[in-house]
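The structure appears below as structure tokens.
The values are calculated or read from the model by the stated rules, or taken from the named source; none is laboratory data. Since the model is a prediction, treat every value here as computed from it, not as a measurement. Using ideal geometry, Cβ is built from the backbone for each residue, glycine included, and neighbour counts are taken over all protein chains shown.
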Amino acid sequence: MEPRCAHHPLLNHLSEPERLALGACVAERTIKAGEALWDEGDDANFAALVISGRIELLKKTEFGGRRFVVGLFSSGSIVGEEALSKGNEKRPERAEVTEDCTFMVLEPKGIKNLADSNPAAAITVLSLLLQVSTRRLSHAYERLASIF
């Protein structure tokens, strides 16, 4: 059976053996709208590769516990990837499902298992994650520059 990760746009660059190796290192989950993947302050211990649905990242403000949206993610996105590079860190924001969501859970131990079983796949996945993070940081700089 073909793993769901075979259809995630972020993973198009993986070969069939690499997708199979990654498929053995992820778990699929579904969460209903209104539920949270994690809350601000929770342990950062997995990334979510979104297959379907929609997720908002929300950050608390200093104004009566209100939150503002810092990110919107849907099918083909990855969210929480910082968990794969940090050790024992806490989530800086809440991830709330706004539309029923199916996603693949990728934990740091999954990356290690992938590196052990298929180093080429692990390098490709980590390279793709670095590209995503680099793009997001670049867009954040552009947004900040537009404010000033």
**Asked** Of the numbered conditions (1) within 12 Å of the chain's Cα centre (by Cα); (2) more than 17 Å from Q131 (Cβ to Cβ), K32 satisfies every one except a single condition; which is it?
**Response** (1)
**Request:** Provide a single number: the residues in segment 7-46 that are touching a strand residue (DSSP E or B) at 6+ places or on another chain (Cβ under 8 Å) and free of Cβ contacts under 8 Å to residues at least 60 places away in the same chain.
**Result:** 8
**Message:** Take the residues in segment 16-73 that are part of a loop (DSSP other than H, G, I, E, B) and acidic (D, E); name whichever of them is modelled with the lowest pLDDT.
**Reply:** E62
**Complete:** By residue number, the members of segment 24-55 that are of a type in the set (D, E, K, R), under 20 Å from P9 (Cβ atoms) and buried (at least 16 other Cβ atoms within 10 Å of the Cβ) are R54
**Asked** Could you give every pair whose Cβ atoms fall below 7 Å, whose first residue belongs to segment 49-76 and is touching a residue at least 60 places away in the same chain (Cβ under 8 Å), and whose second residue is assigned to a loop (DSSP other than H, G, I, E, B), counting only separations of at least 6 or pairs across chains?
**Response** G76/H8
**Message:** Going by what's in this entry, would S138 be described as within 15 Å of E18 (Cβ to Cβ) and either in a loop (DSSP other than H, G, I, E, B) or out of contact with any helix residue (DSSP H, G or I) (no Cβ under 6 Å at 6 or more places or on another chain) (or both)?
**Reply:** no
